Structure formats: structure tokens, C-alpha cells
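Notes to accompany the following structure.
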Amino acid sequence: MASLETTTNIHMQVQVRPSSVNQIKTQEPIDIPTETTTTGQFLRRLFKLLFYLHLIFITIFVIFLTLYGLIFTTRTRHFRPLEYYPPLLTAIACSATVAFIWQWITSSSPSKAIPVAFSLSPLLTCAVGVLLIYISSRVSLAAGVIAIVCALIQSLYGCWVSPRFNYAIRVLSVSTAFPPPKTTILVIQSIFVSILYLCLLVAGIGRATAIRSSWKALFIAVILLSMAWTMQVIKNTLLVTISRIKYMNFAFGIEIDTREASRDTIKHFTGSICIGSILVPVLGVVRGSARAMKLTAGDTDEFLFSCANCYSGMASTLVMYGNRWGFVHVGAYNNGFVQASSDTWEKFENEGLKELIDSDLTGSFCFLSGVAVGAICSLVSGTWALIIHKSYATEVSIYAFFIGYFMVKTQL
């Protein structure tokens, strides 16, 4: 959750809140310190420009695909939009509804949300695997087997970390106890923006599917990468906004207007957010695979043990330069993302909190929540497509999963 990273970092940064500072409500944007490093400023401006250019490019690209499809494929019947689009649009509506409800459940009852996420995610993933195997195409069979294996891994992982549930519940309860004012408005706005963007991408995916070209796979891959990056940026924009509001209130007693904080985040922090939205998922996968490899290798085979240790050491070094806690420093101090991540991780090590951070389950909870909701959307849309047009069922199920996964991740 966004509040977890904020609570942890603020606790280390500000040990004593001045009692003489009164609560101040302001509608004006506060001064934002600027980073003095020329390289950092250049990278932030570069990635901010790249992100906006990529949004323009994707919009033009989808419009082009749509016009091309309307002009050149109107006489062909291999693509039926009335049977292709409704299941995916339903997935968007379903994911938005479930994401809002799940965010409310998580905030109001963490003691129920964590066990439910760890229990439902493997069950729903297994159900998706069964659906894909039932579709019986070559791609669906492979995807179904992968889904069932992933469900088994999730079940084993849930059993392994179950002793840490109580600690995770306490952390989540504290971090969500005092949300900033008008947080619900931010959540609704982010869901609305996500719905609009996902509808645009679904239109592009459908038209790319309609084109019988060797470039079809590349077109769809570009659209899915845009979905991943943009949804991560939306999520981390919320995180930085909430981090700044809570930091200023905790450290200085200043209550920043939520709308002004959101505008300041978009204006001043977008570059750092775009960089972090690429680094954090990539380095998270590297770190997770390193930990899994180390557990699998054990200490029986000397060669595997040494390789696992080497890979784990590399992952531990890389995580210093890109971790989700760095977004808090971005919001509080306007540091560049890499510098913010490095400073945050250094404080964890100096305070002896590294092992405590490693035992935190909120990251796993957010991931499994995304998987569970993605699986729900996949089951709904995949079953619908299977009934009305079986040849669309596999790809619709997969795209619906991504839609549900990223929609929920923006809210947690």
C-alpha cells in the first residue's frame, strides 16, 4: 500500500514532531525544492518527455489502426468486433468495480484482506488454468499449464509465509489508519483515467488482431508494454502524492490540499516517477528470482550455492538503486528516483531494518491481489468469449487478466 512506504520512511526521517507547529490549511502549492544535479535534471526531463511522447504515439497509433481496419478490412469476416470487444470492455468495468471494493476492504479490514488474498489468488489462478486447458488451442494449453504451476507455487508460498500474517496485518493496519483527506477522490480519479486509457488500448488490440500481418504480434506487444508502463505511472503518482501529503503533515503540521498536491506531483515529479516505474518492476523481478534461486539451491550443491549467492549479491546491490520505498523520498524531498532509492536503502541498513523489510508481506499482498482480480476478469471475459466465439477465448482471457491485474495494482 502507498501508506506503508510513507509510514516507514517518515518514522526514520522525523523522530520528533514539533509541538509548537499548528495545523495550517493551505490552498496554494508549497515551494518544491529542485535537484541541483545536472545529470539528474536531464534524466528526469528526458523520461518525462518520453512518457508524454509515448502517450501521443500510442493514441495516434490506435487511431491509425482503427481507420486502417475500417477502410481495408470491412469486407472481411475473420474479425467480428461485436464478439471481440464486449468481453474485454466487461473486463475493464469488472476490474474497476472490484478494484474500488478491494481497496475499501483493505483499508477498513486488513485482518481479513491479507488471508483472503493469499487464499483466493491460487484458487482463481488454478481456475483460469482449467479454463485455458478447456479451450484446447495450442497457446491456451501452454498458458493453462503455466497458470496451474503458478497456482501451485502461490499455494506453497502462502503456506511458507503464513506465520508472518499477523505482522503483515499490524503493518497494514497502522499504515492505513489515517489516510489523507479526500483520498477517495484520488482513487476514483485514478480509476476513471485508467478506464479511459484501457478502453483506448483495447480498441488498438482489437484492430491489431483484425490485421492479418506478420507485424500483428509486435503491434500488440507495444500496446501491452504501454499499458504496463502507464498503469505503473498512475499507481506511483498516487503513491508520491500521498507520501508528500503525509510527510508535510507529520513533519511540519501542514495540511496540503489534495488537489494541489496532485497537481504538484504531476508538474514536478513526473520524470522521477516515470524512471521508477520502469526500474522498480524490473529490479523487483530480479530480486524475487534471486531469492527463489537461493532457496532452491540450498547448500547441498557447492556450484549452485555459489551461483545463487553471486546472483543474490548482484540483486541486493541493484535494489539499492531502484526500490518502491524510494518514491517516498521523491514526494518528500524531490530527490531523483535513483538517489532517493539509494538514500532510503542506506537508512534501512543503518537502522538495522533490512531484515524487517525483507520479511514484509505487503508487496506480496498487492501482487496476489492483482493476480486474484486479474483471474476474476479472465474467468468472466474468457467464459463469455468461449460461449460466443471460441477462437477469441484464449487471447481475450489473457488480455482480461492483464487488465484486471494492472487496474488493481494502481490502487494498492
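Quick note: the coordinates plus some simple rules give every number you see, no bench work behind them. Since the model is a prediction, treat every value here as computed from it, not as a measurement. Neighbour counts are summed over all protein chains in view; Cβ atoms, including those assigned to glycine, are modelled from backbone coordinates with ideal geometry.
Tell me, ILE403, ILE254 in order of fewest to most beta-carbon neighbours within 10 Å? Mind showing how you got there, number by number?
Details: ILE403 30, ILE254 17.
With the sparsest Cβ surroundings first, the list reads ILE254, ILE403.
When the Debye formula is applied to the Cα atoms of region 204-355, each taken as the same point scatterer, what base-10 log of I(q)/I(0) results at q = 0.10, 0.16 Å⁻¹?
So the normalised log intensities work out to -0.51, -0.93.
Against the globular-protein guess of 2.2 N^0.38 Å, express the Cα radius of gyration of the chain as a ratio, rounded to two decimals. Intermediate values should be presented prior to the final figure.
On the way: Rg = 22.3 Å, N = 412, 2.2 N^0.38 = 21.7 Å.
Against the empirical 2.2 N^0.38 Å value, I get 1.03 for the chain.
Is it possible to state the helix-based mean residue ellipticity at 222 nm for the chain, with each DSSP H run of 4+ residues giving -39500 (n - 2.57), the sum divided by total residues, to the nearest 500 deg cm²/dmol? What is it? Kindly include the intermediate steps, with their values, before the conclusion.
Details: 16 runs with 328 residues, N = 412.
After summing the helix terms and dividing by the residues of the chain, the value is -27500 deg cm²/dmol.
Would you mind checking the tilt of helix 81-108 against the longest principal axis of the Cα atoms of the chain, expressed as 0 to 90 degrees and rounded to 10?
Helix 81-108 sits at roughly 30 degrees to that axis.
Could you give each residue of region 48-62 its phi-based ³J(HN,Hα) in whole Hz, using Karplus coefficients 6.51, -1.76, 1.60 with θ = phi - 60°, and x for Gly or Pro?
5, 5, 4, 5, 5, 5, 5, 5, 5, 4, 5, 4, 5, 4, 5
Taking the beta-carbon count within 10 Å as an exposure proxy, list MET407, MET227, MET293 from fewest neighbours to most.
Numbers: MET407 30, MET227 24, MET293 16.
Least to most surrounded, the residues fall as MET293, MET227, MET407.
Along region 156-167, what does the Karplus equation 6.51 cos²θ - 1.76 cosθ + 1.60 (θ = phi - 60°) give for ³J(HN,Hα), rounded to whole Hz, x for Gly and Pro?
These are the phi-based 3J(HN,Hα) values: 5, 5, x, 5, 5, 9, 4, x, 9, 4, 4, 5 Hz.
DSSP loop trypsin sites (Lys or Arg not before Pro) in region 192-274 with at most 11 other Cβ atoms within 10 Å of their Cβ, which ones?
On the way: sites: ARG207, ARG212, LYS216, LYS235, ARG244, LYS246, ARG259, ARG263, LYS267; in loops: ARG212.
Passing both the DSSP loop test and the Cβ count: ARG212.
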